[in-house]
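Bear in mind that the values in this text are calculations on the coordinates, not laboratory data. Not measured: the values here are computed from a predicted model. A quick note on method: Cβ atoms are made from the backbone with ideal geometry, for glycine too, and the neighbour counts reach across all protein chains shown.
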Amino acid sequence: MKKFSKVFEDFQDEDGSSVDYKEVLGELKEMVESTIENAGGEYQTFIDSFMKTPEDFQIEGLINDSDIYDFYLKYRNQIDEILNSVKFYQTPPEDSNIFGLYDFTIKGTMKAVEEFVKKL
């Protein structure tokens with residue numbers, strides 16, 4: 001039983017989640033680096049600025065709603081896990097100015113991106 005517990009702990013994040021974020025974090029890091037390469041700037045400065053006002057910064061590959069939706073489809077398990085960890089689903093959609101399912105998916109995905117960027 002001890003061995004199983006140790007294996008399970010190895011797969012948990014700091015917040016107790018069991019989903020592996022390495023793949024999504026790797027892709028986000030590449031997107032941020034591509035954004036910086038095309039627009040100029042410094043990696044850590046971009047991350048810090050994005051964390052302060054995410055609505056003022058766009059990450060290449062996550063600009064159009066269709067790209068954001070594709071990102072959601074690719075990483076939906078990780079996105080759902082991180083949104084659960086920040087209790088996103090407990091907030092009524094109208095409190096976040098969301099009035100449709102597609103909009104909910106897009107805004108939820110971008111909230112997850114904010115949380116993932118915190119881990120970069």
Q: With only alpha-carbon atoms counted, please give the Rg and Dmax of segment 19-119, in Å.
A: 13.3, 38
Q) Can you give the FRET efficiency for Asp103 and Glu60, using 1/(1 + (r/R0)^6), R0 = 22 Å, r = Cβ-Cβ distance, to the nearest 0.05? A) 0.50
Q | Amide N proximity, segment 104-120 versus Lys52 label position 7 Å along Cα-to-Cβ, cut-off under 19 Å | A | 114-115, 117-120
Q. In nm, to one decimal, how far is the modelled label at Asp95 from the one at Leu73, with both set 7 Å along Cα→Cβ?
A. 3.1 nm
**Q.** Approximate spin-label separation Asn84-Lys119, in nm, with each point projected 7 Å along Cα-to-Cβ
**A.** 1.3 nm
Q) Once you charge only the Cβ atoms, +1 for Lys and Arg and -1 for Asp and Glu, what is the size of the charge dipole of segment 19-119 about its Cα centre, to the nearest 20 debye? A) 320 debye
